[in-house]
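Written below as structure tokens is the structure these notes are about.
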Amino acid sequence: MATGDSEAAPTTQPAIGVDEWVASHDARRDRGVGPVGTAQRAVDRVPKLGWYVAFTLAAAMVPLVTSNGYIIRVGFDTLIYMLLALGLNIVVGFAGLLDLGYVAFFGFGAYGYAMLSSSQFHQRWPTVSVLILVTLATAALGFIVALPSRRLIGDYLAIVTLFFGQLFVTVTNNGDRITILGFTRGYNITNGPNGIADVAPFSIFGHQLETLESYYYVALIFFLVVLSAVYLVNNSRTGRSWRSIREDSLAAELMGMPVNRLKLYAFAFGAGVAGLTGTLFASLNTAVFSSDFDTPTLITVYAILILGGAGSLGGVILGALVVNVTLEVLRTPNHATWIFFTLILATLIAKLRPWWVLGAVIVSTFVLGLVVNAVVTAINAEWASGHGAVRGELGRWLDRFLPIPPDPMKVGNWAFIALVAGVLALTVVRTLWRNLLLPVVLYLAIYAWDARLAFEPSITRLIMIGVILIVLMNARPQGLLGETRVEIV
Amino acid sequence: MVKKAITVAVGGACVSAALVLAGVATSAAAKTAAKSPTSVSCKNPIQIGFMGPFTGPAASIGDDQLHWGEYFEQIWNATHKLKINLVQGDTQLNPAIASTVSQSFASNSSIVGVIGPAGSQEVTASAPILKKAGLGFSSGSATNIALTNGSLKGYFFRDVPNDGVQGPTDAAYMQTHLGVSKGSSVMIIDDQESYSTGLAGIVESALKKAGVNVDRESINQKDTDFSSIVAKVTSSTKVVFTPFQLASQTQLLAQQLKAQGKTAVVFASDGSFDSKTFNVPGSYVSFFAPDVTTIKADNAVVSAYNKVFPGGTTPFGAPNYVLAEAWAQAATKACAAGKGTLTRAALRAAFAKTDLSTTILGTPVAFTPNGDVVGAKFHIFKIESGGKYVTVA
Amino acid sequence: MNWNLFVSELVAGTVHGCVYALIALGYSMVYGILKLLNFAHGDVYMVGSFIGFGILTVFGGATALSIPIWLLLVIMFAAAMLGGGLLGVGIERFAYRRLRDAPRIAPLITALGVSFFLENAALLIVGAEYQSFNSFSWNPNSSGVGQLWAIGITLPGNVRLSLAQMIVIAGTVVLMLALTYFVGRTQLGRAMRAVSFDRQAADMMGIDVNRVIAVTFFVGSALAGAAAIFNGIVYQQVWAYMGFQAGLKGFTAAVIGGIGNLPGAVLGGLLLGLAESFTQGYVSTTFSDAMVFVILIAVMIFRPNGLIGKPALAKV
């Protein structure tokens, strides 16, 4: 029973004593059957590199197929988030250190570039030297921040880095009145809440970057360079030692790895990437403010990283696409409506079996709608005389099923609360009750959407992102492309 | 080793491919940079972008602005053939997000004008993009003086007077009526936002020139407790000047001052002009219009507004109603002049010539060439017992 | 020596510290049991505040109360603690239960998702305006400075300690003593300690782990509800995003004191409150945040496991 045999004929009989085949049994069982399984197997056969090449080509094509500035801008923002998540991946995903002050490095890079390329201190240094200098300076700052944090583990490190992040925001926001312990006059270093405004654009080889497309390409190139660097580091000795620190730092130390030094390197590397991203950010926006680098940005980067799968490079790309693009697409009420209904339908199709139950649920939702609308109109026609928020053909059609009063705010609020209660109830009841409850909950969902949620697309957008985060993390706690790990606490 | 070499090779190929494409694209982009201005038909509803912080820490301000704008939209659309439609853009008071939102407005060819952004920081961040796209934009709350120094002439407008008008008025009143003179003490507290620090800076320098001792303090908009600052108010402090954006913070500060038995008078700026929220008797507020709620015609507007959007209002709301009105009027004029079509440039020019003789603010609204409102003047109000606002200057 | 300033800052810091301590206790309890940082805790606090505000409105609002103030306070506390507790249990049941064995970073994002949801649902339903408890006007018969603030004692240094502030300090002490008794002396408290030591072993010893975790969340969130009412009485403001900052401060206090450690959470809260007050009073209000951070970083450097945290024995 040489192991060489098993690789030639792995299909029919389980070969007793052959480790690899037995070990992969669970993974094979998890794979779906039928077309979904075949698709999954085909996807698994594509080498990782192929995906990155495909992504690069797709990303490079974006400005060529569209001249819509907004789409290119969203692409640029997504690339910035990808860069940030990549840097954070080194600290959190590879080395396992919870760094809650990461955006401060981003801000430091941005402010550093701004101070050296604007009228704040009347400096206009050549771009390439500024980039190198700022990246190294931010890496040094990361090193310094990590120095006192060596003795700290886990959540204590998190809190100190959080303080540092808040400290950065406070100092830059009040940086127009910095005094040395109250003895000297106030110095204006960061121009306080008004920020540093006329930041010069990049000037590469004498050619100034003026258009959005050129910035997009520069961002893409930066991302590819950093991605390659991170990939190479990940596969090197340093990367392997980072991973061992993440899994069990005590054992790593016992094996002779310089744990403290490695933590410092991880911090510095991550900070350097953030600093580089900051310069790119500052030059496109031509202005930097302290509120650009506050906790909401940190939360978005973390959501991207962990949703995609901490420790996975492809996960960073996927996470940024999912989170940022979804956030932007949900801004427009029409798109949000379509996404909302599509998500509901997709969940139903994926979860409801057999097919006739699905059909019955949908039909009974319609019937329920007609009945409710008829009853309410019969009781008091004024109660159904208002319009929902959804416009156009779909809106007119919905008005026939939904009795919306002329002032829908109160009723919409109650429908929303009832919807949340109903969805929670759905997750606990048994199948029969669930199928009976489904049409009611579906109707409530459509009603709450039309009567209240679609009136406030900005708020609804964030509610939907919150729900998506909860559902996705519950369904796949390791992230979309992450690997299941067992954590030793 | 081979795998690594392949990786590096493919990576290099990707990068060079991207570079080549970049070169191609930038040269292509340079050619298509100059686009002809698009025009929209006046038969469809006129799309006006509305930027503001509708969620996030400043949501109380942004939501109020949005609701007043939407309320005007409802009233206008019910009585006019030319319809308007407000397109929301939530900036969360973050200048980077404001850039992205303004880019989305710029690239949306059906949007012909913008209301917002709300904060001075966001105006600075969005200005290059909006100006490049030819969009006129008007703010109801960005009061930084530098915004109307001429660089955004014809593009940026605001219907609230800037800090350069309010600051000197407040400082002068303090000296003439509140007993502040050479040698007396005044405490100035800002909330670390640019609206507040700008105003505080102007008042501080005006008072310092008159020889007044100024104690400059600072809070955060997220703070909920001012006992520590109140403890620093001495018995010789005559006035506490609080140019906060949030009236609830001014109210709390005034209440805590009273609770600790301090005799200093609270003087707030237009951000705190809200009789439901800030009503500690004996305090003063400055505002750029006579009281909105006491003008008879406006009573109807305010109560109708409260029916549609219950929950109170802030002083930042009504200026946005007026802005929406100005855009609607400008669109009517420009559509008539353009014979049924409208371009961004034409609407901008019509907006610059806005001349509303009566508005719910109680003052007429017209714009100077640099974008400020003509005839800006601030009134001082005193809060009497029962929380009533009475005009004193 | 300016006694007035010193005692004022001491009082302000202590009262604020008490509110932080109660929030930090909730964080510590949940962390001790599940090793989970519940970032949605601040939003439970926010919901508790709105429950209290709702009750205030139901009984007439600040200037026209229809019941005596002491009865109002009792009802507000009961409702906020009950409501907060139930919300905490619900969050655990629906958002965290499936992630008990997942890497610790996954529930972090779920907690953020819950936080987004609660904050923006509150924004949608209640609106973005700041509401106020307005306890300064609580007086069934007239307006002006109400009973809670008119009644008080004068401390050395000519500083006034009002009834509202005394309620907060006394209430925190009572709640802490009750919690210590509960965790230290009762059967359920023993079960909680067992589960926090070793969940699998406790399960095998016959403890209903799900129930114990639910009770932990209930108690922790009820404390947040109590903190919300205290905050409302003294600091008045209620609005949809208030939980974010409060949660951050509570989390800071919990970690400073040694996370998972109940007396540490209280100590951390008091330290944070006093540090804030004294830096604002004696150094500068502009940079008080920065100074507090520097102080706290220094504390963490010298005591890497928190003020009274024990270095965790790492299982190798």
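The values are calculated or read from the model by the stated rules, or taken from the named source; none is laboratory data. As the structure is a prediction and not an experimental result, all values here were calculated from the model. Cβ sites come from the backbone with ideal geometry, for glycine too, and all protein chains shown count toward neighbours.
Points to keep in mind about this one:
- Just so you know, in segment A:242-251 the residues that are farther than 13 Å from A:I153 by Cβ and either in contact with a Ser or Thr (Cβ under 9 Å, 6 or more places away or on another chain) or of a type outside the set (S, T, N, Q) (or both) include one that is surrounded by the most Cβ atoms within 10 Å (Cβ to Cβ), and it is A:W242.
- B:K182 farther than 25 Å from C:G243 by Cβ, part of a loop (DSSP other than H, G, I, E, B), within 13 Å of chain C (Cβ to nearest Cβ) and of a type outside the set (V, I, T): no
- Verdict on B:A289 being more than 14 Å from chain C (Cβ to nearest Cβ), in a loop (DSSP other than H, G, I, E, B) and at pLDDT below 90: yes
- Flag if A:L86 is closer than 19 Å to A:A320 by Cβ, within 27 Å of the chain's Cα centre (by Cα), aliphatic (A, V, I, L, M) and not in a loop (DSSP other than H, G, I, E, B): yes
- Scanning segment B:346-371 for residues that are crowded, with 20+ Cβ neighbours inside 10 Å, modelled with pLDDT of 90 or more and outside any strand (DSSP E or B) yields a count of 5.
- Scanning segment C:105-164 for residues that are aliphatic (A, V, I, L, M), without any contact (Cβ under 8 Å) to a residue 24 or more places away in the chain and away from chain A (no Cβ under 14 Å) gives C:V145, C:A150, C:I151, C:I153, C:L163.
- Check on A:T172, crowded, with 21+ Cβ neighbours inside 10 Å, in contact (Cβ under 8 Å) with a residue 24 or more places away in the chain and part of a loop (DSSP other than H, G, I, E, B): no
- Checking each residue of segment C:60-79 against the condition of being closer than 30 Å to C:G260 by Cα and of a type in the set (G, A, S) gives at least one match.
- Helices (runs of 4 or more DSSP H) within segment A:308-388 that include 1 or more residues out of contact with any His (no Cβ under 9 Å at 6 or more places or on another chain), away from every other protein chain (no Cβ under 14 Å) and buried (at least 16 other Cβ atoms within 10 Å of the Cβ): A:313-320, A:333-351, A:355-379
- Boolean, A:Y156 is surrounded by 21 or more Cβ atoms within 10 Å (Cβ to Cβ), in contact (Cβ under 8 Å) with a residue 60 or more places away in the chain, within 8 Å of another protein chain (Cβ to nearest Cβ) and within 25 Å of the chain's Cα centre (by Cα): no
- Any chance A:L167 is surrounded by fewer than 23 Cβ atoms within 10 Å (Cβ to Cβ), in contact (Cβ under 8 Å) with a residue 60 or more places away in the chain, in a helix (DSSP H, G or I) and within 14 Å of chain B (Cβ to nearest Cβ): yes
- Condition met for A:V273 (more than 14 Å from chain B (Cβ to nearest Cβ), without any contact (Cβ under 8 Å) to a residue 60 or more places away in the chain, out of contact with any strand residue (DSSP E or B) (no Cβ under 8 Å at 6 or more places or on another chain) and crowded, with 21+ Cβ neighbours inside 10 Å): no
- Within segment B:85-110, being crowded, with 22+ Cβ neighbours inside 10 Å and of a type in the set (A, V, I, L, M, F, W, C) holds for B:L93, B:A96, B:I97, B:A98, B:V101, B:F105, B:A106.
- Output for segment B:372-387, where each listed residue is in contact with a strand residue (DSSP E or B) (Cβ under 9 Å, 6 or more places away or on another chain), among the charged types (D, E, K, R) and part of a loop (DSSP other than H, G, I, E, B): B:D372, B:E384
- Residues of segment B:185-197 satisfying the condition of being facing another protein chain (nearest Cβ under 9 Å) and out of contact with any Ser or Thr (no Cβ under 7 Å at 6 or more places or on another chain): B:E193, B:S196, B:T197
- Tabulated pairs, segment A:47-73, first facing chain B (nearest Cβ under 7 Å), second part of a loop (DSSP other than H, G, I, E, B) and surrounded by fewer than 16 Cβ atoms within 10 Å (Cβ to Cβ), C-beta under 9 angstrom, 6+ apart or interchain: A:S67/B:K35
- C:H16, sole failed condition from (1) away from chain B (no Cβ under 14 Å); (2) over 24 Å from C:F182 (Cα atoms): (1)
- Scan of segment A:404-425 for residues that are surrounded by fewer than 18 Cβ atoms within 10 Å (Cβ to Cβ) and at pLDDT below 90, ordered by number: A:P405, A:P406, A:D407, A:K410
- For segment B:45-141, the strands (runs of 3 or more DSSP E) that sit wholly inside it and include 2 or more residues that are modelled with pLDDT of 90 or more and at the interface with chain A (Cβ under 9 Å from one of its Cβ atoms) are B:84-90.
- Those helices (runs of 4 or more DSSP H) lying entirely in segment C:141-241 with at least 3 residues at pLDDT below 90 and touching a strand residue (DSSP E or B) at 6+ places or on another chain (Cβ under 8 Å): C:147-150
- Restricting segment C:171-230 to residues that are without any contact (Cβ under 8 Å) to a residue 24 or more places away in the chain and of a type in the set (G, A, S), the residue that is nearest to C:L73 (Cα to Cα) is C:A178.
- Test: residue in segment C:43-60 that is within 17 Å of the chain's Cα centre (by Cα), more than 9 Å from every other protein chain (Cβ to nearest Cβ) and surrounded by fewer than 18 Cβ atoms within 10 Å (Cβ to Cβ): no
- Residue in segment C:260-275 that is of a type in the set (A, V, I, L, M), facing another protein chain (nearest Cβ under 9 Å) and over 30 Å from A:I463 (Cβ atoms) present: no
- Looking across segment B:152-169, the residues that are farther than 28 Å from B:V112 by Cβ and crowded, with 24+ Cβ neighbours inside 10 Å come down to B:D163, B:Q166, B:G167.
- If you filter segment B:176-214 down to residues that are among the polar types (S, T, N, Q) and in contact (Cβ under 8 Å) with a residue 12 or more places away in the chain, you find that the one that is surrounded by the most Cβ atoms within 10 Å (Cβ to Cβ) is B:S194.
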